[in-house]
Every structure is written in structure tokens, then in C-alpha cells.
1. Any chance segment A:75-83 includes a residue that's open to solvent by 60 Å² or more (accessible area, probe 1.4 Å), outside any helix (DSSP H, G or I) and either within 20 Å of residue C:457 (Cβ to Cβ) or more than 10 Å from chain C (Cβ to nearest Cβ) (or both)?
2. What about residue C:529, is it among the aliphatic types (A, V, I, L, M), more than 12 Å from chain B (Cβ to nearest Cβ) and in contact (Cβ under 8 Å) with a residue 24 or more places away in the chain?
3. Right, residue B:259: modelled with pLDDT under 90, in a loop (DSSP other than H, G, I, E, B) and within 14 Å of another protein chain (Cβ to nearest Cβ) or not?
4. For a quick check of your reading of the model, give me the residue pairs whose first member lies in segment A:1-17 and is more than 23 Å from residue A:49 (Cα to Cα) and assigned to a loop (DSSP other than H, G, I, E, B), whose second is modelled with pLDDT under 75 and open to solvent by 80 Å² or more (accessible area, probe 1.4 Å), with beta-carbon atoms closer than 7 Å and at least 6 apart or on different chains.
5. In this structure, is residue C:369 surrounded by 24 or more Cβ atoms within 10 Å (Cβ to Cβ), part of a helix (DSSP H, G or I), touching a Lys or Arg at 6+ places or on another chain (Cβ under 9 Å) and outside the structural domain of residue C:223 (by TED's automatic domain parsing)?
6. Applying the selection to segment C:247-285, what residues are buried (at least 16 other Cβ atoms within 10 Å of the Cβ), touching a residue at least 60 places away in the same chain (Cβ under 8 Å), of a type in the set (A, V, I, L, M, F, W, C) and more than 21 Å from residue C:216 (Cβ to Cβ)?
7. If you check every pair at least six apart or on different chains, which have Cβ atoms under 6 Å apart with a residue in segment A:98-116 that is open to solvent by less than 20 Å² (accessible area, probe 1.4 Å) first and a residue that is aromatic (Phe, Trp, Tyr) and outside any helix (DSSP H, G or I) second?
8. Give all pairs with beta carbons closer than 6 Å in which a residue from segment C:534-558 that is aliphatic (A, V, I, L, M) meets a residue that is surrounded by 14 or more Cβ atoms within 10 Å (Cβ to Cβ) and not in a helix (DSSP H, G or I); count only pairs at least 6 apart in sequence or on separate chains.
Amino acid sequence: MNTGLTETGLFLDRVTIALDGREIVALTRRVAPGAVLTVMGPSGAGKSTLLAYVGGFLDPVFEAGGRAYVDDLEITALKPEDRHMGILFQDPLLFPHMSVGGNLLFALPQDVRGREARRARMCHALAGVGLAGLEDRDPATLSGGQKARVALARVLAAAPRALLLDEPFSKLDAALRQQMRELVFAKARESGLPVLLVTHDEADAKAAGGDIVKIGE
Amino acid sequence: MHKRVLSLALLALGMAPALAETTNPDPRKWDEVLAQARGETVYFNAWGGSQNINAYIEWAGEELKKRFGVTLKHVKLEDTASAVATVVAEKAAGRDEAGSVDLIWINGENFASMKGQGLIMTPGWAEQLPGWAYVDAESKPTIRTDFTIPVEGLESPWGMAKLVFFYDQARTEVAALPQDADGLLAWARANPGRFSYPQPPDFIGSSFLKQVLAEKIEDKALLQKPVDEANFAEVTRPLFDYLDALNPLMWRSGRAYPQNYPAMKQLLADSELDIIFAFNPAEASSAIANGELPDTVRSFTFLGGTLANTHFLTIPYNAAAKAGALVTANFLLSPEAQARKQDPAIWGDPTVLALAKLDAEDRARFDAIDLGIATLRPDELGPAFDEPHPSWMERIETEWKRRYGVGN
Amino acid sequence: MLSRLGPVFAIGLLTAPVAFGLAGTVLPAFGFLPALGGMRFSLAPLAALFAEPAIAASALMSLLTGLSTALVSLIAVMLFTAAWSGTRAFARVQHLISPLLSVPHAAAAFALAFLIAPSGLLIRMVSPELTGWHRPPDLLIVHDPMGLTMMAGLIVKEIPFLLLMTLAALPQVKPARTRTLIAAMGYGRIAGFVFGLWPQIYPQIRLPVFAVIAFATSVVDVAAILGPTTPPPLAVRLVGWMNDPDLSMRFLASAGALLQLAVTALAIGLWIGLEKLAARLRDRCAGAGLRLRADAPVRWAALAVMLLSALAIFAGLAALALWSVAGLWQFPDALPASFELRNWLRVLPHLLEPLRTTLIVALVSTAIATLIAILCLAREDEMGHPPGRGALALIYLPLIVPQVAFLFGLQLLFILIGSAATLTALILAHLVFVLPYAYLCLKDPWRAFDKRYDQLAAGLGKPAWRRFLSIRLPMMTRPILTVVAIGFSVSIGLYLPTVLIGAGRLTTITSEAVALASGGNRRVIGIYAFLQMMLPIIGFAVATLVPALIFRRFRDMQV
């Protein structure tokens, strides 16, 4: 019934989201592996609502229609935890009751077995964002940039099917912001992950380099 | 309080175990009683509001276990009437065997009520106990007549009580102390706010009312009979005239009362009251020993006499451990237990025994007791007034409550 | 899902005991109690009730106590918040007063009595030097016929409760912004607050205020310790009838409980009338544009009242602790002549049994209550919305229906099913009162949890139960333990449920302390009240130390 089934990447098929009968999002788009779709709009336009829909946490007050696929899997039919959508918010949201390494170990899929193997994968992931050796640190003692990197390493460690980015750079200062943009998009390309980016910052869209959809205008 | 709940539960469930009648143990065959008692558990229902009395009962339990193999369980009551209510409820529910109360600390109205309703083990057993031989029934008439009710061996004497007054000689002039109820009124007039009595129906407070009634009533013989409603107002007028005069002169002008004797004791220690009273002559000495009262507190009594009575132990008709209860009553009557009880350092409750009947060794136990500086010697305690018939207490309590209990 | 059971349990536990209890009270009040031979309905118990001497005076005393306690404590809290919120003094007083919430009512009442009695600590401190008194003045302070001391005892305990409720409601009305706005129009601080912010805050603390009225109209322990005795307030008298060995007095007690229900309902009804009057007065003043800028005296008075109420309790509690180790301590000595541990040594063996019951009942009822509260809140998360007004009123039900009115019937129910005076029954009875507090105290921190943590963990592929156990619960450790400490202190302070359901066979530190109150042995009362106060403090200390210890390596988990 649609052409998306045999193709790869993230496919949003006639996704509509309405609040009290008023449609705020209506979208059909494909995001290829490694590519970025940037959704832009003023605050309150429903950008984050779209992410919540794809991630599976849409507030029941919204009425949603349409479907979302990753590769040939309809993720909108799945529970949030079975969708494997890696999310980055504007705050790093590291779990404050776990060490840096603990945060990553929590994210690693269960099929990585054995203490040693898991620990090795965790250290590797940390090194991948340039933070080798920080695994025993309390997240609260990290700098803002370090926290953002750990958050990225954590989301990648879970082997997601796609990345959902909710203004992930907006709280970083200008220099860090540029660095993180490069790092996140590089990692996404490296892992072949389709990325859905929500932002109101033109510079983000420019750095992402993919399609841009404007909503709420 | 839980006894009441139990009795209610019994009623609610309509428990009626119809067991065959068995004969009561006979204290004249004491060896059989002892044999039967071994291994029994005696539920002793006794007022539990005093730490030193509870400790004494605990001691008795240890000795009974050691010597006779009887386990004593102190069921601590707030009000003896609840034990009576339990037996009443058990009888109503047809539980004539294996009742939950084995031994009750009792006297006065509760005894009258139990005896009247046939709730006590019969036939009269108290005077058949081996320990009865030492009891001073001759010079202590209240041992055979409890609040005018003939005892008839249905309860075993445990201790003596007499109304005595306490004051602090460091601040109260001895010469001015009252000698009778009228003297007390005059003293209160001269020292307003320094006397009070616990709010009836507290037992000590009601006893004060009876003391005044006994002094003021014209025909004392009336008190030996049940209240006659027809002339109640008339014969009690002197009492209530007296209280009308006294109450405004009392502590807090009679608008509040101490709740019981311990509260009154604290008020003496705080110098709020100058004269207080208790039913136990050794009470002041024991309070001094505990640091609750200064060692300048002394006792006095009314020359014309004060109320006196005896407190007893009784066994319900349906007790589960009758032999054990007999053994307990007999042990508590023994010179050893009685002497220990009389020691103000332990409890300070006067004995029911006649020292003249004891052998030298047992008499020495009593001679060795230091009664304390604040305790009057037995010969200084003055004449004893008999308790009025139990109906008087109930009636004057109601009348008091109507007149003064809701005054504000 | 397990969480579906949360609301079921909560509603069952909160409404069933109240409903059955009320039925068990109302039926005997009309003469129906088959167990005691009351087989047909009659008005005899009510007739007997109204024939009791001065029953109207007792009822009136209860009514006035409820209204004045609520009025004085609410006004004190309102003026204090109006005058000082947002300042350093406010934060300090808040820290001073919050611990008072966990001091059981009975302990606070003892503290006050030991402080202000004619032979109390205050007069001792200034005598004989300032007063010339070598012996206590004959003044009727404690147990005064007007019940003023009793009201004071209730007010000092209700102030912390209403203050904390107000503090919880305060952030939602954005006080700083509104205050600036109103100040710019030239309104005095208090007038601005009362006209601008209070109308939004009050609806949120209205149920707690009703709970205060219900509690104060029907309180037994504080009334027995501080209240008038000739005659006592209604609730004290009817518990007396309930305790009467004569079982037929139950009919009278039930009729009294019915009257108590009417008195409390009337008090709340009158209060609603007062609310309307006050709102009209406020609107008239605001409409007239009264700026009321010279409010400095009121501001300072509000601060003084708050400080005084806190300091009175603390000083009284110190006096209690002192009495527990005092040897002879005669008037007017400010300190005992000697100190000794004898009182403690003598009381200690008798403490163990009530202490054990206290701890078991408090821990088990709190654990169950916290679990149910968590399940309820987890269910709310699933539903995506908080419960409506009706459900919230339900949660307050056991706090708004006077305890005596339904505990009598509840006791009867337990007797009929044969579990009176069992530990299970007592825990269940405590649960009825602990659960509302557990829910009310947990809901704000629970809802404040950043849901994105949960979404993020879902994105990491973790199922709901795993997210709940590994993320939500650990991150909520501190608020949950705080709720446990609150529930623990609520259970420890419960007097009437313990006395009626424990039926004297199961006693707790609080029921023992109140029973000893009439004896006036200050040393023993001092020991019990000291323990009553220490147990909640230990609870809160554990609630603070445990998370600090578990998460000592993680700074953001520290506060």
C-alpha cells in the first residue's frame, strides 16, 4: 500500500498530529540512512510533538494518524522500548545515580554478554567521543561539553535504529555547539543512522545539510 | 479496656460452650489444690496504673512459678469494673467453664455486684486457705465486711487502706492542720487555693466525698444501708452545703480538679497544693524515696477518724485455673509476701495479718521494714470509719457531677 | 499492570473503613446493635444523650475550638506568607517550623503544658526574682474552662501543617512576579498578597483547612491534656462513654459520635459561610483600592506569632527532656536539684512492648501506604492525567470525617469479624490515616520528575518495568524516603485509632503517654513524650542519611 516497504531509512508516511481537531503536523518524508531531516518552526509549533510521536510518547490529548517505518519495520505499531529510537534532548539528562560508565552500561544492549565484554564496549564507546578513562566519574562532576558527549555515547551504545534530536545543541555555548554538531552528525553518518532533527536554529539546519521542513507557519 | 472488647466479642459471637459441671477445688485439701495448680496459668486482672505495684505483682509471678509451677499473667486494667463486665458477659453467653478471668483485685461496689449476681466461686473458700490462720480478722473488721457487704469467705484479704493526709512541714504550719472536715474548711478559708480533691468519679476523689458524708451526716446508721431515694436529698444536704462552701476556696477556685492521686502528688511537689491525701499511709514515704516529694513531707490524719477499708482477691465462678488462683491468693497472703508488700521501698501497702499470730522469724520480717519518715505508725492512724454501702458512692458521684462537674 | 491495583486499593482503603465505620456508628446511635440486644430502631440513645448534663456546652466547646483553631492558624500563616515570603527570614522560619509537623499532637500539648502551667518552666524562670512568687500562682491556665490553652495547643500544631500546605501551593501562582506587579501599583505587601495571590492559593489549601477544622472539633488527646474538664469537650466525653465497662454505654457513645459528626459538619458549614464573608470583605477593600501600606506592625506581629509558636514547642520539649532525668525539682527552681537516670531505668522495661508495637505498626502501615501511593501515581502516569477533584476529596476523606465518628463503628466491625485488637487490624486502621499523607506528600515530587529520563531510557530499549526500577525509583529515593518518614511520624502520632482499635491490648508510645497524662507524673510523661518526639526525628534522620550514603558518590543525588 505504500512504496516505503522495500526501501531503507526512516519513512514518515502521511503522519498527521492534531490537537482539539486542529492539525499541527502533516508530513510524508523519507530520511535515508546517515541523512538528516530538519524540522523547523517557532516554539509551540509542534516540533517536539512530532518527535514524541515517532518515539512513542505522544500525550493522549493529541490525535495522531499515519505511520512511521524504519527500513521495512513499522515502528508506530511497537511499544516505545521496542522502537529503539535514540533520543537526545537539549539537556544531557545523564542518570544522576549512575557513574559515567554506568550510564553507558545501562544503554548497551543485553546481547552484549559478559562483564568484561560489556566493560570493553563501554570504554570503547567513551573513547569514541574522546572521553577515554572517565568511566568511573560522577556525571555531576563533568563539564557541559563532556556531559553532552556522554549523552551522545550513551545513545549510540544502545544501537538505535534512528536518532531523534530535540534541539540538542541549544543549551551549549557557541564554540561547543559547533563541535557537538560536527560530532553528532559524523557519528550518525558513521553508523548509517537516519536522523530527525528538531530545531529553531538556522545554523543547526545548515550544519545538518539535509532536507528542511518548516511547520507551524 | 480490652476485657470489654473480649466480652463484646463473646456476646457478638454468641459463644456458648455447654460443658459438664465440674466441682471446684477444695482448699481444705490443700495438697490436692497444689497438685492441680501445677502447670496452670492464672490470669490476674488487677489495676495496672502504678509502676511499683506492677513490679510487685511481677515478683509474685516469679516466685509462684518457682515454688508452685503456677504461671501468673497480670492483665493490667484501667478499671476493675471491666473485669466484672467480662465475667457478666461470659455468663450471659453461657460460658460457665474456662472463663478468661481467674483472679480479680477487688473490693466495694465491684465485690457487691459480683456477689449479688452469683459470679464468685462458691462455697466460701477464703477462710479455708492455709494462710488465713494469720489474718487479723478480729481487730480489722473490714476484712469480714467489705463496704457493709458480708464477705462470707468469697474474697481473700490482700491489703489495708486508710485515708491519710500529707503536707510539707517546710511550708505548712503543723499547729494549724485541720483535725476534721470542718477544720479543713476553716483551714481552706485561711489558705485559699491550697486544697483540692481529684475529680469524682476518681476513686480517691469519691472517697473524700464519702469521708465528708460520714462526718456530716446526722444518722450514720443510714450509710450502712442502701441509699433511699426518698430522703437522699435531705440526708446529703450537709455534704453538699459543705462542698458549696469548700469548692470556691479550693485550688483554681474549684473550676478544675486534679485528675487523680498522682496528679495531686505532683501539685504538692510543685507547691501548688498544701494538703493532699491518699488511701495508703506509706504513699508519702515511697514518693520521698522516689524523689517525687521533698523529704519534708509528713502525714496526719483526722482525730475523729477517717475512712478505712480492705482490698481483696476473688475468683470468678467460671475461672479456668481455680486451683492456681487459690494458690496465688494464698501466696499473696503469706507473711513473706505481705511483709514485702508493706515495705515502702517496694509498695508500702499495709498488711492484713496480725503480727501477734506470726512466729518470731516472720515477725522479724515486719520489724525490719523501715516505714519511712513520713509514715504514721499503726497506732497513730486514728479510728477507722467503715465504708458506706456501695450504693452511696454511685449516688453521690452522680449528684456531684450534676452539681459541680459541668459547672463552667 | 500492577499499577492498576493502586487506585483500587487506595479507594478501598480510604472509603470502606470510613463507610463501614460510619454505619457501625449510626446504627447503634438509633438503638440497633444486635450483639448487645439492640434489635429495633429507637430514639432512646439520642434521648439519653441529650439528657446528659451540659451536653450542649460540650458540643459548643468543640464547635468553637474547631473554628477558632482553623481561623487563628490560617490567618497567622496567611499574614506571615504575605509579609515575608521570598525573604531570608521566611526561609529561616520555614526551617524552624517544618520539624514541628512531625511532633505528635500529644507531645506538643505536653510541651505547652509544661511550659505555661503556673508551676511550669516559664514562671520558674522568672520566679521569684521578677514576680516575687515563691510558690506557683493559683491561676487556671491549663484546663481553663474557655479552652483557650487547648486551642493554643492545637494552633501551634496546625500552623506548621497549613504553612507547608501553603508553601506547596505558592510556586504555582508565581509569587515573585505578581508581587512586583502589585507593589508597582502602590499596594502594601500584605494587602497586595491578600488581594492578588491569596485568592489563587486558598482554593488549593481549602481541603487541608477543612481537615484542621475536623481534627480540632473532634480531638481527644490534646483536649484531655489541655482542655477543660468541667465539662470536657464532646469527643473526650464520648470516648469516656466508649471506655465505660458497662457495655450498654455504647449506645450513648454512638449517639455522641453522631452528634460529633453533626458538630463537625456544622463547623465546616459555618466556615464556608465565613469564607464567603471574607471574600466579600476582600473584594470591597480591593474594589476601593485600599493600599494599606502602613502594614509594618502586622508584618512584625505575624513573624512574632510564628516564632513564638515554634519556640514554645521547642522550649516545652526541652523542659520535657529535662523532667525525664530530673530528681527532686521544686518550685521555683529553674533547674532540678539533681539529675538521675533512675526514671529511665524504671520505665525502660515497660517501654519495650509499646515501643515494639509502635515500630511494627508504623513501619508496616507506612510501607504499605507508600507502595500504594507509588502505584497510584504510576497509574496516573499511564493515564496521562492526575485524578479529578472528586478523587482528591476522597483522599482527604479520613482526614475530614471526625475520627471518633467512624472509628467506633470500625472497632465494632473488627470485633464482629473476630480480629479486634490484632496487629493486622491496628495496621489497617493506621493505614487509613497514613495513606492520605503518603499520597499527598509524594504527588508533587513524583510529578516533578523529568519525564524525558523515562523517554530516553525507552529509546535505549528498556521496557517499562526496567525503567521504573532502574531509573524512576532510584532517582526518587529521597522523596520516597521523606514520605516514609512522614508516614512513620503520622502513625506514631495517632492516638484515637490506637486506643480504639488496639483496645488497650496493643499500646503504642503515644497511647501510653496520653494514658499517663492524667497521672501528672512529669518524669514519666517526660520520657514518653521525649520518645514520641525522638522517633519521628530518627525517621527523618534515616530518610536523609540513607540516600546520602547510598548515593555518596553522586553529587546530584545529594539534595
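1. Within segment A:75-83 (the criterion being open to solvent by 60 Å² or more (accessible area, probe 1.4 Å), outside any helix (DSSP H, G or I) and either within 20 Å of residue C:457 (Cβ to Cβ) or more than 10 Å from chain C (Cβ to nearest Cβ) (or both)), the answer is yes, since at least one residue qualifies.
2. Values: among the aliphatic types (A, V, I, L, M): yes; more than 12 Å from chain B (Cβ to nearest Cβ): yes; in contact (Cβ under 8 Å) with a residue 24 or more places away in the chain: yes.
So residue C:529 passes the test.
3. On the way: modelled with pLDDT under 90: yes; in a loop (DSSP other than H, G, I, E, B): yes; within 14 Å of another protein chain (Cβ to nearest Cβ): yes.
In short, yes.
4. none
5. Spelling it out, it is not the case that residue C:369 is surrounded by 24 or more Cβ atoms within 10 Å (Cβ to Cβ), part of a helix (DSSP H, G or I), touching a Lys or Arg at 6+ places or on another chain (Cβ under 9 Å) and outside the structural domain of residue C:223 (by TED's automatic domain parsing).
6. Once the filter is applied, which keeps residues that are buried (at least 16 other Cβ atoms within 10 Å of the Cβ), touching a residue at least 60 places away in the same chain (Cβ under 8 Å), of a type in the set (A, V, I, L, M, F, W, C) and more than 21 Å from residue C:216 (Cβ to Cβ), segment C:247-285 yields C:247, C:251, C:252, C:255.
7. Close Cβ pairs (under 6 Å, with a partner that is aromatic (Phe, Trp, Tyr) and outside any helix (DSSP H, G or I)) amount to A:103/A:95.
8. Sorted first by the residue in segment C:534-558, then by its partner, the pairs are C:557/A:96; C:557/A:97; C:557/C:551.
The values are calculated or read from the model by the stated rules, or taken from the named source; none is laboratory data. Predicted model, so just to flag it, every value in this text is computed and none were measured. Quick reminder, even Gly has a Cβ in these numbers, built from the backbone with ideal geometry, and neighbours come from all protein chains shown. Ligands, DNA and RNA are stripped out before the accessible areas are found, and what is left, the full protein with its side chains, is counted by its heavy atoms. Shrake-Rupley method; radii C 1.70, N 1.55, O 1.52, S 1.80 Å.
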